[in-house]
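The values are calculated or read from the model by the stated rules, or taken from the named source; none is laboratory data. Being a predicted model, the structure only gives us computed values, none of them experimental. Cβ sites come from the backbone with ideal geometry, for glycine too, and all protein chains shown count toward neighbours. Heavy atoms of the whole protein, side chains included, go into the accessibility calculation; ligands, DNA and RNA do not. Shrake-Rupley method; radii C 1.70, N 1.55, O 1.52, S 1.80 Å.
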Amino acid sequence: MPLDRLSFHGLRNLRAFEMAPGPHINLISGANGSGKTSLLEGIHVLGMARSFRTQKLKSLIDHDSDEMTLFGRVAGDPPLPVGVRRRRDSAELDIRIRGERAARITQLAEALPLQLINPDAFRLLEGSPAARREFLDWGVFHAERDFLDGWKRVRRALKHRNALLRHDRIDLQSIRIWERELAHWSEQLDGLRERYMTRFVPVFEETLAALLPLPDLTLRYSRGWDRQRALLEVFEAGRDTDRQMGFTQQGPQRADLRIRVGRHPAVEVLSRGQQKLVVSALKLAQGHLLEQLTGRTCLYLIDDLPAELDGNHRRIFCQWLEQLNCQVFITSVDQEALAGVWQPSTDVMASTLADGRLHSE
């Protein structure tokens with residue numbers, strides 16, 4: 001469901017504002033430094049309880065404010081109000097859903113599924129496996145009810161095994177207990193990831209073909225340990241080496257997505273514009289699959305859409321966005337860069353930012 005109301009106070013250089021976003025395409029234009037990315041950042045915090053620009057939410061608070069308050073209402077019957085507040089003199093993040101304090105951050109992600117396409121999104125291709133695991137697990141989290149519990153159990157067992165590996169003398173009885181626990185839940189988690197990828201790959205291939213036909217590009221899931229061996233056997237055989245390293249070297253925490261063109265990593269072959277379209281296809285496909293599996297829609301935050309794309313690929317990208325039954329927030333320095341790319345029937349709401357003030361057109 002889309003957001004039908006936004007109200008931000010004390011967020012960076014943005015003046016306090018209230019906004020009734022359009023249900024489909026929302027364009028925000030303005031000069032560099034006007035606050036466009038900060039607006040997207042606020043929506044991201046509202047759905048993820050974290051920023052995509054900094055690890056310290058305190059730095060998001062305007063210098064002249066004592067707190068930052070972000071409020072949004074998800075359309076529906078009844079509508080779902082969500083809010084996040086961060087005070088300068090407190091390290092605690094106050095999260096509210098339907099006016100009640102949320103017990104878990106994941107409740108925000110459940111209430112407001114969102115995807116971000118920005119310059120950092122290139123990390124899906126050029127960054128460490130951690131970024132790709134996070135991308136994968138976002139999809140599995142929304143598609144598989146049992147994912148979160150299994151993921152937490154894996155993290156707990158992995159933490160205990162790593163702690164035991166760092167002891168001067170290994171307590172074999174204790175470490176074997178945690179290895180069995182870790183192996184059991186890791187295999188459960190791997191099964192959920194693999195099932196999700198079976199559903200995801202065809203949707204991704206369809207999306208990529210519409211944006212940028214690359215018949216030689218392949219996407220493959222790597223689970224993080226030898227497919228020919230049971231994980232418990234891997235733990236036992238690698239215990240001495242793991243002890244020397246001080247951590248568990250194989251397991252679901254090493255899972256990755258291999259994105260290749262022919263035999264080469266995609267990042268080594270594709271141009272910057274092509275990389276942006278591949279990353280966009282990954283993100284758009286996740287939202288499309290979410291709708292197919294759950295009937296829920298994904299909200300997209302696209303920072304500086306025209307960057308890295310020529311006029312033809314901008315048009316193709318926007319045509320694909322038009323086909324999606326979802327809400328999109330797009331920023332651009334040059335409003336004219338996206339002029340003439342939308343069909344007359346597309347619901348487009350345009351706003352501008354100047355001196356921290358939001359003006360609807």
What single numbered condition from (1) buried (at least 20 other Cβ atoms within 10 Å of the Cβ); (2) over 19 Å from Arg88 (Cβ atoms); (3) not acidic (Asp, Glu) fails to hold for Gly10? (2)
Quick check, is Ser34 touching a residue at least 40 places away in the same chain (Cβ under 8 Å), more than 21 Å from Gly99 (Cα to Cα), assigned to a loop (DSSP other than H, G, I, E, B) and hydroxyl-bearing (Ser, Thr, Tyr)? yes
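Any chance you could count how many residues in region 92-129 are of a type in the set (Ser, Thr, Tyr) and touching a residue at least 12 places away in the same chain (Cβ under 8 Å)?
Within region 92-129, residues that are of a type in the set (Ser, Thr, Tyr) and touching a residue at least 12 places away in the same chain (Cβ under 8 Å) number 1.
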Please note which helices (runs of 4 or more DSSP H) are completely contained in region 86-173 and include at least 3 residues that are basic (Lys, Arg). 147-165
Counting only residues in region 317-356 that are assigned to a strand (DSSP E or B), open to solvent by 30 Å² or more (accessible area, probe 1.4 Å) and not hydroxyl-bearing (Ser, Thr, Tyr), the one farthest from Ala209 (Cα to Cα) is identified as Ala354
Single condition Leu217 does not satisfy, out of (1) under 30 Å from Glu322 (Cα atoms); (2) at pLDDT below 95; (3) of a type outside the set (Ser, Thr, Tyr): (2)
Members of region 292-344 found to be within 24 Å of the chain's Cα centre (by Cα) and of a type in the set (Phe, Trp, Tyr), listed by number: Tyr300, Phe317, Trp320, Phe329
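Tell me, which helices (runs of 4 or more DSSP H) lie completely within region 204-271 with 2 or more residues that are touching a strand residue (DSSP E or B) at 6+ places or on another chain (Cβ under 7 Å) and either open to solvent by 60 Å² or more (accessible area, probe 1.4 Å) or β-branched (Val, Ile, Thr) (or both)?
Output list is empty.
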